[in-house]
1. Using only the heavy atoms of the protein chains and a 1.4 Å probe, how would Tyr155, Tyr2 rank by accessible area, largest first?
2. Normalised by the residues of the chain, what does the relative contact order come to in percent, with Cα pairs under 8 Å and at least six apart?
3. Taking amide hydrogens as modeled 1.01 Å from N in the peptide plane, which residues meet the under 5 Å criterion relative to His54, leaving out close sequence neighbours?
4. Ranking request for peptides 227-236, 52-61: highest mean number of other beta-carbon atoms within 10 Å first, then the rest in descending order.
5. What residues have an amide H closer than 5 Å to that of Ile21, excluding those fewer than 5 places away on the same chain, when H is modeled at 1.01 Å from N in the peptide plane?
6. Under a 1.4 Å probe, what is the accessible area of the chain per residue, stated in Å²?
7. Using alpha-carbon pairs under 8 Å, 6+ residues apart, how would you state the relative contact order of the stretch 1-156 in percent?
8. Among Leu52, Ala80, Pro194, whose Cα sits farthest toward the positive end of the charge dipole of the chain (+1 at Cβ of Lys/Arg, -1 at Cβ of Asp/Glu, about the Cα centre)?
Amino acid sequence: MYNTLINTQTLVARLGQKDQIIFDCRFNLADPEAGKRAYQAGHIPGAFYLHLDHDLSSPMTPTTGRHPLPDPQQLATKLAAYGLNEHTQVFVYDDISGAFAARTWWLLRWLGHQAVAVLDGGLPAWLEQGGRLEQHPPSQPEFSGNFKLKLHPDYVLTTAQLSQAHHYQLIDARSAERFRGELEPIDPIAGHIPGAKNRPLTDNLSQGRFKTAEQLQQEWSVQLAGLPPEQIVHLCGSGVSACHNVLAMEIAGLSGSGLYVGSWSEWIRDPKRPIARRAD
C-alpha cells in the first residue's frame, strides 16, 4: 500500500492495474477553471479530474474560510462512483509539487481511506520521465465501488477549539511574506494568527520533489521543538496547502497532527479575533 508518495517510475509501471484510481487535482486560485482545461488538454492515462471548488470543498458561507470541507457522505459517494473500494489504491497529482493534490490525499484519509499517495513531483516529473498523456477522460465504472465512510473527525480543529484552547502549536504553510503580513494577494486582511509559527510548504521540497524522509524528520523535529505531533495544528490561507505540511510530517514519520480547515480566511471573518503582523 502506498500512503504518502509514489514516484513516476512506479506509477508508470502500475498504469492499467485493477483496483486503483488516479485523480488529477490541478487548480489555479486566480482562474478556477484552469485546472479542468489543463486536464482536458492532457492528463495521465486513466486519470479522473477532481475540482477543488466543486468536488473537494463545500460552498463558502459568511462565517467560513474560502474552502470549507465538503460534505463527507457526498464526497464518499462521489468517490465510490469512480470505483473506490475499501482496498483501492488511489494516486493523486497536480502540477505544483502537491500543493493541491495533498488536499485530496488528506480528504481521503479523513474519510477513512488510507491507501492514497501523492505523485512526487507531479505532472512536471511525469513529463520529465517521458510519461505520456491522453486527452479523453476514462469511462466511469459501470458499477460503483463499495467504499463506506469511516470519518476521522479528530483530524480537524475548528475556530472555536483554537479560540478556547492554548495547548496547540499552530504552523502556517503560507509564504513568509504573507505570514509576516507584508503582502496578501488573496484575503482582505494580511498577517497571521498570534502564536503561530511559519513553515512554508516550499520548505518541504527540493527541486520540486519532497525532501527525503530523513531530512524532513530532522527539519520537522526542530520545528516541533519537543512537542508531540498531536499538539501540532496546520493552517494556511484556506485549509488547502496546509495539507502539504501534514503530508510532509507523515513522510517524516511524525503522524497525528491536525488541520485547521478554516485557516486564515476564516479566522479574519470575526474582527474581534486578534491578528499579528510580525514573526513571533
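The values are calculated or read from the model by the stated rules, or taken from the named source; none is laboratory data. These numbers come from a predicted model, not from an experiment. Don't worry about glycine lacking a Cβ; one is built from the backbone with ideal geometry, like all the others, and counts go over all protein chains shown. Keep in mind that these areas ignore ligands, DNA and RNA; they rest on the heavy atoms of the full protein, side chains included. Shrake-Rupley method; radii C 1.70, N 1.55, O 1.52, S 1.80 Å.
1. In descending accessible area the options line up as Tyr2, Tyr155.
2. Computed over the chain, the figure is 22 percent.
3. none
4. 227-236, 52-61
5. So Ile21 has HN proximity to Gln89, Val90, Phe91.
6. Value for the chain: 45 Å² per residue.
7. Values: 274 pairs, mean separation 51.5, N = 156.
Answer for the stretch 1-156 is 33 percent.
8. The one lying farthest along the dipole's positive direction is Pro194.
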